[in-house]
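Below is one structure, written out as structure tokens; the observations come after it.
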Amino acid sequence: METIDFPFNFDEMPVAAKFLLDSYSRDIADFNRSYPVFDEVFKTKLMDQIQRAKEFVSCGPEGIKIQKLRIGIYRKLESLNGMILEVQDNFPVSRIKEFDKIVEIVERKDLNSILTIIPNFVVQLEGNIPRENAETTQTIIDRILTLFQVLKLDKIELNRLLNSRGLLKEEVFRCLNHLWATMQDVMEIGQDLYKKDDPMKCVEYEANYLKMKVKTFWIHSSHDPLTIEM
């Protein structure tokens with residue numbers, strides 16, 4: 001059995017589902033008023049699915065390695081964001097091609113895109129080192145290059161671990177597929193309920209919002225095994 005094409009890595013699924021559960025738990029009366037099936041029994045079912053998915057993909061030595069690695073990656077991406085601010089303060093950024101786009105990619109913490117843009121970005125920085133501040137600016141470049149090398153190795157290791165977990169038995173895939181199907185039901189109904197009268201709530205039931213929340217979760221998580229409190 002293959003997993004459904006959902007917009008999260010499998011180890012992120014319990015985290016995304018928990019944020020969705022938080023919104024749904026707050027709004028359960030609205031859900032149940034329009035769609036009686038979304039009751040406490042449904043909520044309990046979703047909680048059980050999240051817990052089961054967590055046990056499959058987050059527990060055990062390999063799952064913990066993935067969690068720690070992902071936490072480390074997002075914290076490094078936060079550091080890179082700080083380095084971009086230093087670039088703005090010390091380099092003539094008007095000479096850097098597509099600098100605003102680079103800033104946007106870094107702020108999104110899009111690891112794949114970041115690894116793609118950094119080499120050319122560094123070349124541009126090296127070609128625009130201010131003479132009056134050469135030592136400081138070279139230090140910034142060196143730190144960005146070092147971080148780039150570490151992130152490349154982290155990405156390779158993360159892919160290796162995820163690929164090895166991708167060989168999991170059918171029971172795990174079935175669990176994740178069922179969880180995602182349930183999440184889609186909640187997301188679809190949540191958007192339908194609030195798209196006209198409460199856009200802020202509506203956003204909480206969109207995949208992009210959940211992706212952002214998951215990234216924030218990794219940044220602020222400890223290096224202890226992932227705990228998703230129900």
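The values are calculated or read from the model by the stated rules, or taken from the named source; none is laboratory data. If you're wondering where the values come from, they're calculated on a predicted model, not measured in any experiment. Note that we place each Cβ from the backbone using ideal geometry, even for glycine, and neighbour counts take in every protein chain shown. Surface areas here come from the heavy atoms of the whole protein model, side chains and all, with no ligands, DNA or RNA. Shrake-Rupley method; radii C 1.70, N 1.55, O 1.52, S 1.80 Å.
Numbers for the structure displayed
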| quantity | calculated |
| --- | --- |
| Qualifying residue in the range 113-125 (condition: among the small types (Gly, Ala, Ser), farther than 27 Å from Lys213 by Cβ and open to solvent by less than 80 Å² (accessible area, probe 1.4 Å)) | no |
| Candidate set: the range 199-214, residues that are free of Cβ contacts under 8 Å to residues at least 24 places away in the same chain, part of a helix (DSSP H, G or I) and open to solvent by 50 Å² or more (accessible area, probe 1.4 Å); chosen: the one farthest from Phe19 (Cα to Cα) | Pro199 |
| Failed item, numbered, when Met187 is tested on (1) surrounded by 15 or more Cβ atoms within 10 Å (Cβ to Cβ); (2) of a type in the set (A, V, I, L, M); (3) at pLDDT below 95 | (3) |
| Residue in the range 157-180 that is aromatic (Phe, Trp, Tyr) and within 30 Å of Gly63 (Cα to Cα) present | yes |
| Subset of the range 215-230 (residues that are at pLDDT 55 or above and not in a helix (DSSP H, G or I)) | Ser221, Ser222 |
| Scan of the range 140-165 for residues that are open to solvent by 30 Å² or more (accessible area, probe 1.4 Å), touching a helix residue (DSSP H, G or I) at 6+ places or on another chain (Cβ under 8 Å) and at pLDDT 95 or above, ordered by number | Arg143, Leu145, Val150, Lys152 |
| Residue that is farther than 19 Å from Arg174 by Cβ, aromatic (Phe, Trp, Tyr) and in contact (Cβ under 8 Å) with a residue 60 or more places away in the chain, where the choices are Phe56, Phe38 | Phe38 |
| Restricting the range 56-101 to residues that are basic (Lys, Arg) and in a helix (DSSP H, G or I), the residue that is farthest from Ser221 (Cα to Cα) | Arg95 |
| Leading residue by the ranking (modelled with the highest pLDDT) among those in the range 166-180 that are assigned to a helix (DSSP H, G or I), open to solvent by 20 Å² or more (accessible area, probe 1.4 Å) and over 13 Å from Ile50 (Cβ atoms) | Arg174 |
| In the range 40-62, residue surrounded by the most Cβ atoms within 10 Å (Cβ to Cβ) [restricted to those that are more than 13 Å from Val186 (Cβ to Cβ) and of a type in the set (D, E, K, R)] | Lys54 |
| Subset of the range 43-67 [of a type outside the set (Asp, Glu) and farther than 14 Å from Ala17 by Cα] | Phe56, Cys59, Gly60, Pro61, Gly63, Ile64, Lys65, Ile66, Gln67 |
| Inter-residue pairs, beta-carbon under 6 Å, first in contact (Cβ under 8 Å) with a residue 12 or more places away in the chain and in the range 10-26, second open to solvent by less than 40 Å² (accessible area, probe 1.4 Å) and not in a helix (DSSP H, G or I), 6+ apart | Pro14/Ile228; Ala16/Phe8; Lys18/Ile228; Ser23/Glu204 |
| Flag if Thr137 is open to solvent by less than 90 Å² (accessible area, probe 1.4 Å), assigned to a helix (DSSP H, G or I) and without any contact (Cβ under 8 Å) to a residue 60 or more places away in the chain | yes |
| Top-ranked residue in the range 63-85 [being among the charged types (D, E, K, R) and open to solvent by less than 60 Å² (accessible area, probe 1.4 Å); ranked as farthest from the chain's Cα centre (by Cα)] | Lys76 |
